[in-house]
Each structure stands twice: as C-alpha cells, then as structure tokens.
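Below is one structure, written out as structure tokens; the observations come after it.
The values are calculated or read from the model by the stated rules, or taken from the named source; none is laboratory data. Keep in mind the model is a prediction, meaning the values are calculated, not measured. Methodologically, a virtual Cβ is constructed for each residue, glycine included, from the backbone with ideal geometry; neighbour enumeration extends over all protein chains shown. Heavy atoms of the whole protein, side chains included, go into the accessibility calculation; ligands, DNA and RNA do not. Shrake-Rupley method; radii C 1.70, N 1.55, O 1.52, S 1.80 Å.
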Amino acid sequence: MISAYQYRLRLTKKQETEVERWLDMLRHQYNYLLAERFSWYEQNRCSINSCPLVCHLPELKNNPDYFSQQNSLPQLKKDRPWYKVVQSQVLQNCVKRVDLAFKRFLKGDSNGKRSGKPRFKGKNRYKSFTFPSLSKNPINGNILTLPKFGKVRMIYHRPIPEGFKVKTATITRKADGYYVTLSIQDDTVPEIVPVDSVTSSVGIDMGLKSFLIKSDGSEVPIPQYYRKAQKRLKKIQKAVSRSKKGSNNRKKVVNKLGKAHKKVADTRKDFHFKTAKELLGNHDLIAHEKLNIKGLAKSKMAKSVLDAGWGQFLSILSNKAENAGLVTVAVNPRNTSQNCSNCGAKVPKKLKDRIHSCPHCGYVADRDVNAAINILNLAVGHPVTSKAYRVTEPLGGVGKKPTL
C-alpha cells in the first residue's frame, strides 16, 4: 500500500534561494530536452501516410528516447559545471517527466487517452522536483535529510505510521510557501470486506442543491466555497489587472491572489476528507455514480460542478476506502433518477421535478433519495428493501412507503 503525506517546510533564506536555483536549472533542462524531442518529431514525420516511389528524405536522426537523454546527463555536467549541485536522481526524474509528457502526447496513457501538446515551462512554471530515493531513516524529529541538499526543517504535524517506509520526497513551491510530499509504502495489503459480508451499505447521489444525499434520506449540505469567496477574488483580480506587468507591486498582488485561491482549494479538500471519513466510519459499502465530470464541466452548470469538486471527493473516497479495506462501487447513473426504486418502473420527470411519485405502485419520495436507493440497488445487485408493497390508500407524505 502506498500513501502520500504532505508537510510544510520551514526553509532558511539560503535554502529558499537554493531551491529556486534548482528549479530554474531543472526548468531549462526540461525545455531543452523537450525541444530535442520536438525537433526530432518535426524532422522525421510526414504529413501524408504514403510516399512516392522516388523520394529524397534527409538522413534520419536517432530518436531521443528516455535512455539516450538520460545518458547525456554526464556530458551536461561537463559542459555546464553548475549542474553538478543538482542531485543526479533529481536530474534523471526531470528526463522522466519529459518522456512521460511526450508519450502521453503521441500514444496516450494506459486507457488510450491522449494529452495535449506539452508546453515549454516559462519562468515560475516549473514548481517541483523529486528525490526518487532517500536514506533508510531520513526523518529525525522534525528534520528531513535530503540527498545532496542537506537537512531541512518541516512542520511534522502527523507522524509516519509504523511499518511504512519513506520512498520518495517531492519539494513543491506553492503560493504560501514550500511543501514536501513524502511517498510512503507498506508491503502489507488490507483485506477487502467481501460484498456478501457487508453489514452497513449506503448509496449516495451527488447534487448541487445538497452536496450528497444518502439512500437513508440524510444529506450533506453543499458549502460552495468558491462562490462565497468570489467577491474577494474578484477584487484581488481587479488589482492584478490594473498593476503594471513586471512590477514588484504586480508580483505581490499575484501572490496574494494565489494564496486566496489556495485557501479556497484547501478548505474544499478538507471538507472532502471529513465527509469521506464520516461515510467510511459508518458504512462498509458505499455506492456512487460514475460521473462524467469533464462533460459536466462543459455545461451551464460548470461553475457549480467544479466548485463542488465531485471528482476530487470520489477519488479521496475510493482511496481511503481501499486503505481501510472497505468497498466503493461506481455504477452507471443512467435512469437512476427516472426509475422507481420500489417497483422498478420508469417514471419520466424533468429536472425541475424534485419529487418522485410513482403512478404504478404509489411510492413517493424525494427525487434524490429515490436515485440514491437505485444506485445502492445497482451496486449490490438486488433491491435493498426486498419487501413487496401494494397500494391500498393514497400516501400521506413524501418519503413514505405505501401501506400493505
């Protein structure tokens, strides 16, 4: 099992200068290696898929792959001696980033999805570097020892769990300072609770009126952190647009804007972690929709969808459930709001219709609660409430089952 713990660093002025120096050198090397890839790509590709019988092609150059670019690093340190201060594996990781970005552009990831064309990193755009391996015991109190960089002080607010080994360390520059992300690994694998042994299951329906609604009828209010901070962000953004480009005043205001956006992101992420912990603390199995977040982000609801952060929450929920040995199941959301969770009949309704009222069995419930129950039924493979109901008299309120 692999996890990541992030700590804030307390660097001295000299260490901050050294971090910025490393980042700038790695940025230049990243751009140089990427330019080498693009140069080969442009000179050795053809705009058509066939070639005439007689053609005059220039002499083909060797493809600059990961290994050839990594083998060029010793010569780099000879030609540019100032690169000797950067730890060798950090430079190798820079080559790996170029290779990964270019492969995703040409071939795509493991799912076949291709990324956009990699861009050259401008000033302050290269924000992190990684130490792929550390010493056996790199942490002593609140002091972290990094290869060739030395000892740095961090806010050690959460100790590394027993049995875990620190594998990598990534130094990241953010708007409010520098952070280190430690990748920790434990070879033991938690036992996943079998679906047949689940004692407490719940289905959740993500929404914009409420953040989520459970199949038991309870709901989690949506915080809307971005919308609440929008007025303040607009004021700072206006100060950025009015300041002169390249001035010190603009740098200060841009940094202030970055801190404001980071605060919104941090509060949202904290809310997601707490909500996931509450769900996993009370339930063994959690069923949710398999949402097309990218598609929803292109609709008229884009701002609300991105403010809710469904993608981040579901990722946190699945990761935490896996670490705890619990189960999360993603189901197809098709017709979960239309079908009746009591009898299974399809009851068409518009988005403005917030109450589900089935004309076939008489079941009445909140639209989102009905959807959450359908999601849970799809996840476990059978209706959670298997008891059959028949209508003998009209229902008296929302969420009540027909009388037997």
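Under a point spin-label approximation (7 Å from Cα along Cα-to-Cβ), what is the K127-R104 distance to one decimal in nm?
According to this spin-label approximation, the distance is 1.5 nm.
Once the dipole of segment 77-205 is set up with Lys and Arg at +1 and Asp and Glu at -1 on Cβ about the Cα centre, which of T130, W82, V98 lies farthest towards its positive end?
Most positive-ward Cα: W82.
For the chain, what is the accessible area per residue in Å², given a 1.4 Å probe and the full set of protein chains?
Normalised by residue count, the accessible surface of the chain is 62 Å².
Sort largest first and round to whole Å: the equivalent ellipsoid semi-axes of segment 148-225, each the square root of five times a Cα gyration tensor eigenvalue.
Each semi-axis is the square root of five times an eigenvalue, giving 37, 24, 9 Å.
How far is it, in nm, from the label point at D79 to the one at K231 when both lie 7 Å from their Cα along the line to the Cβ?
About 5.7 nm, to one decimal.
Dipole magnitude of segment 81-235 about its Cα centre, charges +1 at Lys/Arg Cβ and -1 at Asp/Glu Cβ only, in debye to the nearest 20?
Working: 31 positive and 11 negative charges, 359 e Å.
Its charge dipole is roughly 1720 debye.
Take each of the peptides 112-120, 281-289, average the number of other beta-carbon atoms within 10 Å over its residues, and list them starting from the highest. Display every interim value, and only then the final one.
Working: 112-120: 11.0, 281-289: 20.3.
Put in order of decreasing packing, that is 281-289, 112-120.
Provide the gained length on full extension for the span D266 to K136, in nm with one decimal, where the gain is 0.36 nm per separating residue minus the Cα-Cα distance.
43.6 nm is the gain from fully extending D266 to K136.
If I model a spin label at H360 and D24 as a point 7 Å from the Cα along the Cα→Cβ vector, what separation in nanometres do I get?
Output for this residue pair reads 7.0 nm.
Please report the carbon-and-sulfur percent of the accessible area for the chain; probe 1.4 Å, protein heavy atoms only, DNA, RNA and ligands left out.
Carbon plus sulfur share of accessible area: 51 percent.
Quick one: net charge of V347's neighbours, Cβ under 12 Å, K/R +1, D/E -1?
With Lys, Arg at +1 and Asp, Glu at -1, the neighbours total +3.
Under 8 Å for C-alpha pairs, at least 6 residues apart: give me the relative contact order for the chain, rounded to a whole percent. Mind dumping the intermediate values first?
Details: 558 pairs, mean separation 57.3, N = 404.
This gives 14 percent for the chain.
Given Cβ point charges of +1 (Lys, Arg) and -1 (Asp, Glu) and nothing else, what value in debye, to the nearest 20, does the dipole of the chain about its Cα centre take?
2920 debye
Angle, helix 225-242 long axis vs. longest principal axis of the chain, Cα atoms, 0 to 90°, nearest 10?
The answer is roughly 30 degrees.
Please report the relative contact order for segment 104-175, taking Cα pairs under 8 Å with a sequence separation of at least 6, and give it as a percent rounded to a whole number.
Once normalised by length, the contact order is 31 percent.
Students often check this: by mean Cβ neighbours within 10 Å, which of 353-361, 296-304, 96-104, 240-248 ranks highest, and how do the rest follow?
Put in order of decreasing packing, that is 96-104, 353-361, 296-304, 240-248.
In debye, nearest 20, what is the charge dipole magnitude of segment 207-352 about its Cα centre with +1 on Lys and Arg Cβ and -1 on Asp and Glu Cβ, if you could check? Could the numbers behind the result be given before it?
Numbers: 34 positive and 9 negative charges, 372 e Å.
Computed charge dipole of segment 207-352: roughly 1780 debye.
Which of the peptides 158-166, 363-371, 200-208 is most tightly packed, and how do the rest follow, going by the mean number of other Cβ atoms within 10 Å of each residue?
Peptide ranking by packing, descending: 363-371, 200-208, 158-166.
Return the whole-Å distance between the Cα centroid of segment 154-191 and the Cα centroid of segment 322-365.
40 Å
Distance check, please: which entries in K96/K245; K13/K123; K234/K298; K78/K123; K103/K245; K96/K123 exceed 27 angstrom between their Cα atoms?
Going by Cα-Cα distance, K96/K245; K103/K245 fall outside the 27 Å limit.
With P(r) over Cα pairs in 10 Å bins from 0, in percent defined as stated, name the option among [x] 4, 15, 21, 23, 17, 11, 6, 2, 0; [y] 5, 22, 33, 27, 11, 1, 0; [z] 4, 13, 13, 11, 9, 6, 5, 4, 4, 4, 4, 4, 5, 5, 4, 3, 2, 1, 1, 0, 0 computed from the structure displayed.
Here P(r) over Cα pairs in 10 Å bins from 0, in percent agrees with entry [x].
Net charge around K148, counting only other residues with Cβ within less than 11 Å of its Cβ (Lys, Arg = +1; Asp, Glu = -1)? Write down the numbers at each step before the final one.
Numbers: positive: K84; negative: E18.
Residues near K148 contribute 0 overall.
How far is helix 248-282 tilted off the main Cα axis of the chain, in degrees rounded to 10, range 0 to 90?
Rounded to the nearest ten degrees, it is 40.
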